[in-house]
Each structure stands twice: as structure tokens, then as C-alpha cells.
Amino acid sequence: MPTTWTRTPEEFHKIYTANTDAFYRLGGSSMAKELDEFMTNCALSLWSKAGGITQRHVDMANQLYSRGQPKPSWMLWSLTGSVCESEVFLPPVFYWNLAESDAKRGTEASRTFIRMLTNILLYLAAVDDDVTYEEAAFITECTDKLSAICDTTGVRKSKEGLNPLDFVTSSEPSFIEKHKVQTQTSGGEQSSEQKEETADKPDFDELMAQLDALVGLTEVKKDIKNLVNLMKVRKLRQANDLPVPPMSLHMVFMGNPGTGKTTVARIVSGLYAAIGVLEKGQLVEVDRSGLVAGYVGQTALKTQEVIKKAIGGVLFIDEAYSLSSGGENDFGREAIETILKAMEDHRDELIVIVAGYTGPMEKFLSSNPGLESRFNKYFFFPDYDGEQLMAIFRKQCEKNGYTLTEDAEKAAVAMFTELYENRNDNFGNGRDVRNCFEDMIVRQSNRVAKLEAPTKEDLMAVLPEDLEEEDEDKE
């Protein structure tokens with residue numbers, strides 16, 4: 001298999017031109033020189049993340065400048081010192097003007113620019129013999145900062161994100177039936193409605209919008225985007241007959257309940273399917289009860305059945321440490337061995353995500369050498385603070401047609417601030433928000449039911465007393 005990039009600098013210039021043509025049509029060819037200079041600096045910054053800029057990089061960068069009008073190599077070499085010292089991506093001045101123009105005219109040239117930049121950087125990252133996590137992180141940084149400018153200037157945002165219950169990792173059913181969590185479990189066959197939803201998977205942009213819409217989880221979202229960019233470049237290298245070193249895609253999600261672990265796992269499975277890493281992208285969620293049987297020999301069969309459902313997607317094991325907590329003769333260890341074998345046998349068609357509390361998860365992974373060697377991507381899900389809890393609650397109210405009065409808004413902020421500051425080991429994060437929301441609905445319904453002729457506004461309004469716990473001693 002070849003160890004160098006199969007495209008010549010001239011051929012790559014055609015790729016660059018194809019990607020920039022649409023942008024030039026929207027933004028105007030008058031900015032060609034400014035754009036090419038910016039892209040050249042981006043290319044040099046990207047390659048510097050990989051450990052250094054070679055003459056081949058310079059030849060490639062020359063092809064980016066002024067529509068093929070070569071920039072002298074010595075000028076590019078003189079730029080590399082300052083570029084390599086720069087650790088942050090700085091959006092170009094023209095992009096701010098472009099975003100402001102889009103906001104006024106209702107156009108999307110700035111969004112087109114982000115897609116164009118991402119495509120080019122992905123190709124540039126694939127030039128080297130290997131693609132690094134630092135390169136993927138740089139691409140994520142570029143797109144995130146440009147997207148933030150679009151949002152700041154009022155350019156149309158991406159499609160609406162997840163429904164409120166998607167911020168909660170509990171698999172317990174809610175009485176709000178219209179908000180079903182679209183996760184396949186091991187408890188039985190999917191309904192026809194669930195199968196339809198699974199078959200009709202969201203596209204890549206929708207999934208990224210869902211990821212961005214999640215409250216908090218800044219570092220988790222950034223790391224997920226880095227991994228997605230890394231996998232995109234690996235797919236590009238494979239398409240160009242370039243070597244791709246082995247890479248484990250299995251993950252560890254550590255954090256308290258209700259911090260969005262299942263939600264993020266579902267998004268990851270969809271994203272990997274969208275970029276071709278996984279064939280289907282379904283999420284199969286289980287815990288110990290879905291893997292371990294009560295008799296010798298049955299656990300392996302039960303676990304194999306779950307794995308079969310997860311092939312082509314993600315197997316999400318919640319509270320995975322419970323599999324190793326029963327001693328040497330516990331059947332949970334048989335489930336672990338079966339899963340480890342499947343991870344090896346189906347390394348290209350199955351991703352396993354184990355999740356649970358941070359301390360027990362660390363102990364679980366160190367309990368078996370095979371586990372520790374196969375899981376090398378760790379994601380920590382922090383507790384939501386009071387402001388983030390309030391943001392989740394506000395989203396739930398908005399999506400379900402409830403309007404907080406000014407006094408209710410203040411009462412809710414105080415309630416969630418106190419909930420966070422006084423949290424204990426039983427703190428449920430998003431689950432506590434859901435409980436507060438459902439309790440609020442009950443109190444609000446009882447209050448409105450007493451009105452003689454409630455209006456639409458009455459049905460929607462949430463008052464401070466709807467948020468207060470009922471005093472059992474009150475007559």
C-alpha cells in the first residue's frame with residue numbers, strides 16, 4: 001500500500017477550486033486573494049499540528065494561492081515560523097462582514113464558507129502518512145469559531161435540536177408519551193414505529209445540530225467533533241489507498257446519572273453511520289440484567305444475542321462495573337469475556353461504549369487487562385450547574401407549550417441554584433429536572449382545573465406556586 005499522498009499538488013488544486021467555486025458565486029470573486037491567503041495560513045497551521053511543515057506541504061500550499069498563481073516557496077517558508085507559534089485559530093476579518101451581510105439579506109454564504117473550509121481542511125489533513133488527533137482538533141476549532149460568529153450575527157441557525165427528554169439518560173418511561181426516547185433496548189423487539197424511526201436516520205447536519213443543542217458538555221462535544229473529523233480523514237485516506245493505522249473506537253463515558261451519556265451515545269452512533277464508519281448506526285442499550293443469566297452457560301448466549309442486535313451500530317452498557325462486582329464465580333465475568341471476544345471479532349462493525357460513575361468505572365476497567373487495552377477514549381460528563389439545569393427546564397417548558405411568568409422564572413432559577421448547591425450522592429442532574437418539570441405540570445393542572453373558564457394563556461402560564469412543593473401540614 002502506498003505511503004504517500006496519491007494526488008499531486010496540481011490535482012489537489014482542482015479539489016480546492018471545486019470547493020471554492022460555490023463560495024465565490026455567493027461571496028464574490030473580488031475576495032479571491034484574501035481567501036487564498038487565509039486558506040494558505042490555515043493549511044500551514046494544520047500541518048504544523050502534525051509535527052512540522054515539509055517541502056511537499058509548501059508545494060501543496062502554493063497551489064492554494066491566487067487560483068494557481070504560485071507564491072514563491074521562500075515566502076511560504078518565512079510564514080511557517082509565525083504560523084507554528086500560533087496555537088489558536090483566528091477567523092478572518094472578511095468572514096465577519098460576510099456573516100453580517102447574510103444576517104441582513106437572509107443569505108447563507110457564511111455557512112457555505114464553513115462547509116467549504118471543512119472539506120478542504122479534511123483533504124489537507126489526509127496529505128500526511130498519518131492523521132493526528134491534534135489535526136482533527138484544529139479542524140473542530142475552526143468550524144466552531146466560525147459557527148459562533150454566525151450565531152452572534154444572527155445568521156439562521158441549524159435545525160432545532162433534541163426534545164427535552166433527550167437531555168435525560170434515564171430509560172424509564174415518561175408519562176409524556178409524545179416524547180419517546182428513540183433508543184432500542186434489549187427488552188424485546190422494536191415496535192413498527194421504532195423501526196420506522198431507526199430506518200429514517202437523521203442526516204449528518206441534523207445530528208451535529210443535536211449535539212450542539214445539548215446544554216453544557218462543552219468538552220464532551222468538542223472531543224466528539226474531533227473524533228468525527230479524525231474518522232472523516234481516515235475514510236479519505238482509505239479512499240485514496242493510503243495506510244490507516246489500527247484505531248480503537250470503543251469509549252468510556254464517566255459521570256453521574258442524568259448527565260446526557262445515553263443521549264451523546266445515540267448521537268455518536270448516528271454520526272458514525274452518517275460518515276460511513278458504521279453500517280446502520282443503531283444504539284442498543286443494556287445493563288447487567290440484559291446480559292447476565294442465572295444459570296451456567298446461559299450468560300454467553302444471552303450476551304451474544306444482544307451483540308447480534310448491535311452489529312453495525314453501538315452497544316451501550318450502562319453501569320458496566322456491575323458486571324465485575326460479583327466475585328470470581330459471578331456470571332458477569334462470562335459476559336465481559338463474551339463482549340471482549342466480540343470487540344475483536346467485529347472490530348470494524350461494532351462500537352462498545354461502557355458508562356457509569358467515575359470511581360467504579362475506573363475500578364471496572366482495571367479489573368481486566370483486556371478491558372483496559374480496548375478502551376482508550378475517555379469522556380467525563382460533569383454535573384450540570386444551576387444555570388444549566390435552568391436551561392434544560394426552560395427548554396422543556398418551551399417545547400411543551402408552557403410559559404414561565406417573570407416571577408416563576410425567578411423562582412425556578414432560585415430552585416435550581418439551590419438544587420445544585422445542595423446536591424448529594426443522589427443528585428440526578430437532568431433526571432431531577434424532569435421530575436421537577438412533571439411535578440410542575442401536575443400542580444399547574446390542579447390550579448387551572450379550578451378556574452371557571454381558563455383561557456389559552458391560563459393553560460400555558462406557569463406561576464411561582466406551580467413550582468413549590470405542597471406542604472403536607474398545610475390545612
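Taking 30 Å as R0, compute the FRET efficiency from the Cβ-Cβ separation of residue 248 and residue 134 and round it to 0.05.
Calculated transfer efficiency: 0.95.
With respect to the cross-link table entries 145/309; 104/145; 222/363; 221/399, which display a Cα-Cα separation exceeding 29 Å?
Checking Cα-Cα distances, 145/309 exceed 29 Å.
How large is ³J(HN,Hα) for each residue in segment 338-350, as worked out from phi by the Karplus curve 6.51 cos²θ - 1.76 cosθ + 1.60 (θ = phi - 60°), to whole Hz, x for Gly and Pro?
5, 5, 4, 5, 5, 5, 7, 5, 10, 4, 9, 9, 8
Can you run the Rg to Rh ratio on segment 386-467? Use alpha carbon positions and the Kirkwood inverse-distance Rh.
Answer for segment 386-467: 1.00.
No lab work stands behind these numbers, since they all come straight from the coordinates. Values in this document were obtained by computation on a predicted structure and should not be read as measured data. A quick note on method: Cβ atoms are made from the backbone with ideal geometry, for glycine too, and the neighbour counts reach across all protein chains shown.
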